[in-house]
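The block underneath contains the structure these notes are about, expressed in structure tokens.
The values are calculated or read from the model by the stated rules, or taken from the named source; none is laboratory data. All values derive from a computational prediction rather than experimental measurement. For neighbour counting, all protein chains shown are included, and Cβ atoms are generated from backbone atoms with ideal geometry for every residue, glycine included. Calculation scope for accessible area: heavy atoms of the full protein, side chains included, ligands and nucleic acids excluded. Shrake-Rupley method; radii C 1.70, N 1.55, O 1.52, S 1.80 Å.
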Amino acid sequence: MSASSDSELIISIRDVSKTFPGVRALDKVSIDVRKGSVHGIVGENGAGKSTLMKILSGVYQKDSGTIVFDGEQIEGTTPQQSMKRGLAIIYQELNLVSTMSVGENIFLGRFKEMKGMRGSHAKARELLDSIDCKVDTHKLVSQLSVSLKQMVEIAKALSFKSKLIIMDEPSSSLTAEEMAELTKIIRQLREQGISIIYISHKLDEIFEFCDTVTVMRDGHAIDTRPTLEFTRNDMITKMVGRAIENEYPPRPAKVGGTLMEVRSITTRKLKDVSFTLREGEILGFVGLVGAGRTEIVRAVFGADKARGHSVFIGGKRVPIRNPRDAKRAGFGLIPEDRKLQGLILPFSVETNISMASMDNFSRFGFIRRSLEKGIGERQVKALSVKTPSVRVPVGNLSGGNQQKCIVGRWLEIAPKIFIMDEPTKGIDVGAKYEIYLLMKRIAEDGGAIILISSELPEVLNMSNRVLTIFEGRITGEFDPAVTAVDRIMASALGMKEVPA
Amino acid sequence: MVLTLRSNPLVGILTKQKALPFILVMLVGMLFSKTRFYTPYNLLDMLNSSSILLILAFGVTLTIVAGGCDLSIGGILVVSGILSIKLQPVMGMWPAILCAIVFGLLIGFVNGFLVVHQKTEPFIITLGMGLLLTGVAQQLTDAHPLPSQISDFMMISNGTFYGLPNLVIITLVLFLLSAWLMRYTQFGRNLYAIGGDYEVARYSGINVIRTKWLAFVLSGGTAAFAGFLLSSKLNTGSAIYGDLTALVVNCGVVVGGTSFAGGIGGIPQSALGLLAFGMLDNVMNMLDITSYIQILLKGAVIVAIIWLDSFAQKRKREAI
């Protein structure tokens, strides 16, 4: 495939296949990664990226094909062996013991080699310094932010003298500055001759620092090329296997009168937040992670206690003390963390969908099976959720389909106001577009949506109006159709002087 | 081969159920023993003596499905049993029984307040509550057995109806009632959701606190109900019965397939779990096994079943 000789390759994957019962997860995948390069792998969920990484690290065993790592053919490896060999993997859900300190985590199970705790902490300090990370090695991991935890993982990888570090969607919960920090470190690692495989959904990052990109789809490595030879549309087309005209549908067109008014929410993090929401509108919240975007909607939804706030719907004051009150008042919520707050993963698709609408199919608290039965099927069909049956555990579905199940749950009670907190987090391009269409449909049916997202383009392209939030206050209101992005960003960063 | 096995619903139940295979093994094994195991009298007696534990298990299952557990039932059992006898001279038999049950509901309410509303650890709180109540029971009776003076009282548990022991009938009715409650009411469904994921249930607009709290209240109530039935059965109230009961019942529920993690299991599973225990007792008695060895074997069976189950789970996970 590439012209480089074998000695320039850190890893060479040849015709690797893997079959799970009923699924061909990988079909003769071949990828070469050059020494000291950052190699991006993009693809929709279910394309086989994670399976491939798990084969490299030794969690799974391949069915056929060869893998040559640093000149040495690898057979039947385990995660521990690959670590020692110099192949480290940083999973999306980080593998750290939250009740132990930074130093202890880095040298977990190796205290003896490090001559006890003192040696471990000293060496940990050295490793963290090498990536400009100032965190105290005695601090507990549970007290660190996600980005600092990632630094600890990187330091841990370095402690094994890793030659190749695989990062599985590291950016999905990072803020813009944290991402910049990570970018810096990735470049620094590359300069030290360490190779990196970088898996991500976010094309911006791929274009920013990856030297080479492999696009995967349906268990195949579709294309591998230097990043410069790819265009954005090119890459998206290859990922989804069809051309997507636009990444976003047009905004909802008909915005009506005021539907909801929120007056002066104050909590520990929020200061006197007031805003209105109109019928048929998508209202975007823009702000850094931690600025208070999520806190606002949590307070409105009754999930957090708030002081002195009042919500008016259709001109009438509605007391909302808990999520149940909110549901009665006509709210629906797609929570920030699909897995923690949105779905009960081992429960069936049907159960997860019917959870909020039990009042509709029961009388005096007794469930009427005849009414309940159709709900799952109906929503699965209406939202075209891809699932073999409504009885499979929702955890078996892909991220996009899981998200649709949550939307379906709320559509059953026909909410007037939909709160969507990161509705497309961890979802691939094709499914994202479907969620966008769904949002548009909800708005055009007379509902209204509050949209929060860390992906700025998403908020700006979907919303009729955006509010910028900085340190718990609303700092500006913009029409994204006519406003320059940097003005909105400046307002979200709390700058007084907004550049023209 | 694997596929055909999986698609067979009966085999599906067998692999999911840990208690059922064990029951089958005992039933088959006893075919070869020269005991009076397979007589209508013995089988009915087995059900009769399991009934108190079964009733306790129905209540406990509600709390475990909701992600909690209830170890105070032993204490509630004895105190309510003593109350239902001690109050008889003061107010008559039926009001005394009613008081005993209300007492159980109240303790359940307090448990629920502490565990659900105040968000404390259910294992420790209910264990402590059970200890406290055992102390109360000893204080009430001065650690002596307390006989009932009303002869009708004894007949509630020891009477028969068309040849069936009352206790068995009551257990069956409670079984159907609680199984239906878990399956066909919003309350039951919400318990599963809460146990499956508390936060998800909360964000779905379920009244999580009230629902889970109610599970504890009902568990206390059924424990008290079982307490008065036990006193009636023995015609005595005593502080010593409840010692191991709470642990055995919670174990039986888990052995039946209701996980401490919450969200899975149910009343039929718990019934099987406790029946397995009841049958084991009966079988060991039939085989003249001494009581020390009986306890030893019972413990070994609990350990073995749970170990085999997680072994099977592991096999299943790794097969995928």
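Before moving on, here are some points about what is shown:
- Against the test of being among the aliphatic types (A, V, I, L, M), within 24 Å of B:L234 (Cα to Cα) and in a helix (DSSP H, G or I), the options B:L53, B:L106, B:L114, B:L127 yield a single qualifying residue, B:L53.
- All positions within segment B:189-205 that are closer than 15 Å to A:S357 by Cβ and at the interface with another protein chain (Cβ under 7 Å from one of its Cβ atoms): B:R189, B:A193, B:V200, B:Y203, B:S204, B:G205
- Selection from segment A:66-91 of residues that are open to solvent by 30 Å² or more (accessible area, probe 1.4 Å) and more than 20 Å from A:F107 (Cα to Cα): A:T66, A:V68, A:D70, A:G71, A:E72, A:Q73, A:E75, A:G76
- Residues in segment B:174-231 that are without any contact (Cβ under 8 Å) to a residue 60 or more places away in the chain, open to solvent by 30 Å² or more (accessible area, probe 1.4 Å) and among the aromatic types (F, W, Y) were compared, and the one that is farthest from A:A329 (Cα to Cα) is B:W180.
- Hey, B:A100 within 14 Å of chain A (Cβ to nearest Cβ) and either small (G, A, S) or more than 30 Å from A:D337 (Cα to Cα) (or both) or not: no
- Segments classed as helices (runs of 4 or more DSSP H), wholly inside segment B:203-320, with at least 1 members that are more than 18 Å from the chain's Cα centre (by Cα) and charged (D, E, K, R): B:208-234, B:291-319
- Taking segment A:321-343 as the range and being at the interface with chain B (Cβ under 8 Å from one of its Cβ atoms), under 21 Å from the mean Cα position of the chain (by Cα) and crowded, with 18+ Cβ neighbours inside 10 Å as the test, the residues that pass are A:L333, A:P335, A:Q341, A:G342, A:L343.
- Those residues of segment A:435-486 which are outside any helix (DSSP H, G or I), of a type in the set (A, V, I, L, M, F, W, C) and without any contact (Cβ under 8 Å) to a residue 40 or more places away in the chain, in sequence order: A:F478, A:V482, A:A484
- Residues considered: B:N285, B:N235. Of these, the only one that is more than 14 Å from chain A (Cβ to nearest Cβ) and open to solvent by 50 Å² or more (accessible area, probe 1.4 Å) is B:N285.
- Here A:P346 passes the criteria (1) assigned to a loop (DSSP other than H, G, I, E, B); (2) open to solvent by 50 Å² or more (accessible area, probe 1.4 Å); (3) more than 10 Å from chain B (Cβ to nearest Cβ) except the one numbered (3).
- Counting only residues that are more than 14 Å from the chain's Cα centre (by Cα) and either surrounded by fewer than 21 Cβ atoms within 10 Å (Cβ to Cβ) or not in a strand (DSSP E or B) (or both), segment A:414-430 holds 4 of them.
- The lone exception for B:L174 - which of (1) more than 14 Å from chain A (Cβ to nearest Cβ); (2) modelled with pLDDT under 90 it fails: (2)
- Considering the conditions (1) over 20 Å from A:G365 (Cα atoms); (2) touching a strand residue (DSSP E or B) at 6+ places or on another chain (Cβ under 7 Å); (3) within 14 Å of chain A (Cβ to nearest Cβ), B:Q186 is excluded by exactly one of them, (1).
- Of the listed requirements (1) within 27 Å of A:D325 (Cβ to Cβ); (2) open to solvent by 10 Å² or more (accessible area, probe 1.4 Å), A:L397 misses just one: (1).
So that you can scan it fast, the table gives a plain yes or no per residue for (1) modelled with pLDDT of 95 or more; (2) open to solvent by less than 20 Å² (accessible area, probe 1.4 Å):
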position	(1), (2)
B:A57	yes, yes
B:S72	yes, yes
B:L83	yes, no
B:A100	yes, yes
B:D142	no, no
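- Selection from segment A:145-162 of residues that are surrounded by 19 or more Cβ atoms within 10 Å (Cβ to Cβ) and farther than 14 Å from A:I106 by Cα: A:S147
- A:K62 vs. criteria open to solvent by 30 Å² or more (accessible area, probe 1.4 Å), in contact (Cβ under 8 Å) with a residue 24 or more places away in the chain, touching a helix residue (DSSP H, G or I) at 6+ places or on another chain (Cβ under 8 Å) and over 17 Å from A:G86 (Cβ atoms): yes
- Odd one out for A:K386 among (1) over 23 Å from A:V262 (Cβ atoms); (2) within 12 Å of chain B (Cβ to nearest Cβ); (3) open to solvent by 50 Å² or more (accessible area, probe 1.4 Å): (2)
- Taking the criterion of being without any contact (Cβ under 8 Å) to a residue 60 or more places away in the chain and closer than 15 Å to B:L229 by Cβ, the residues of segment B:156-173 that qualify are B:G159, B:T160, B:F161, B:N166, B:I169, B:L172, B:V173.
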